[in-house]
Structures are given as C-alpha cells and as structure tokens.
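Read-outs throughout are calculated quantities, based only on the coordinates presented, and are distinct from any laboratory measurement. On a predicted model such as this, the values are computed, not experimentally measured, just so you know. Cβ sites come from the backbone with ideal geometry, for glycine too, and all protein chains shown count toward neighbours.
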Amino acid sequence: MEWDQQWQKYRDISHFEAFRGYPAVLCGTGPSMRQVDREPLEANNNLLKVCLNNAFKFITPDLWIGMDPP
C-alpha cells in the first residue's frame, strides 16, 4: 500500500521489478545509525535508499517500510 497525499488515503500499488538493477541500501534504526556518516548516502542519487520504521529521521528515503508507530 502507498499513501496518496492528494486523496489522503492508502491505495494498493505494486513496485514489483520497478527497481531491478538499482544499487540499494537498507537503513534500520540500530545504534550504528548515529555513528555512520550519512552525507554520502544522501548525496548519492543513483542509490535506492529504503528505510525501516523510524530510520527516516536520519536518512531521506526513496522507499519507507513502516511497521512501528512513528
């Protein structure tokens, strides 16, 4: 599901194979996130950044997977 900002509701969407071949990084909320230099990740527009839960507070994601309340 994806949040549709315009209509203020969730909608079903598939990203199946949409990012095939893209280099990616999965960002979690572990203690190392506070120690890592995040600038190279933010500056790299050719890198798919996927954030889990509240990791979006540290990295601007291209995709966000949220299971915990923010």
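So for the chain, taking the charge dipole from beta-carbon charges (+1 Lys/Arg, -1 Asp/Glu), which of Q35, I59, A24 sits furthest toward the positive end?
Farthest towards the positive pole: Q35.
In terms of the Cα gyration tensor, with a ≥ b ≥ c the square roots of its eigenvalues, is the chain rounded because a/c is under 1.5, prolate because a/b exceeds b/c, or oblate?
The shape class here is oblate.
Please report the net charge: other residues with Cβ closer than 14 Å to the Cβ of E42, K and R +1, D and E -1.
Details: positive: R38, K49, K57; negative: D37, E39, D62.
Its environment carries a net charge of 0.
With a 10 Å cut-off between alpha carbons and a GNM built on the chain, which of V25, V50, V36 moves the most?
It is V36.
DSSP loop (so not H, G, I, E, B), at most 12 other Cβ within 10 Å: list which trypsin sites (Lys or Arg not before Pro) in the chain pass both filters.
Hits after loop and neighbour filter: R20.
Out of residues 5 or more away from C27 or on other chains, whose amide H comes under 5 Å of its own, with H placed 1.01 Å from N in the peptide plane?
V50, C51, L52
Could you give the size of the charge dipole of the chain about its Cα centre, using +1 on the Cβ of each K and R and -1 on the Cβ of each D and E, expressed in debye and rounded to the nearest 20?
100
Take the alpha carbon gyration tensor of the stretch 28-69, find the square roots of its eigenvalues, order them as a ≥ b ≥ c, and report rounded if a/c is under 1.5; if not, report prolate when a/b exceeds b/c, else oblate.
Here the stretch 28-69 falls in the oblate category.
With n ≥ 4 as the cut-off for DSSP H runs, can you work out [θ] at 222 nm for the chain, using -39500 (n - 2.57) per run divided by the number of residues, rounded to the nearest 500?
On the way: 1 runs with 5 residues, N = 70.
So the calculated ellipticity at 222 nm is -1500 deg cm²/dmol.
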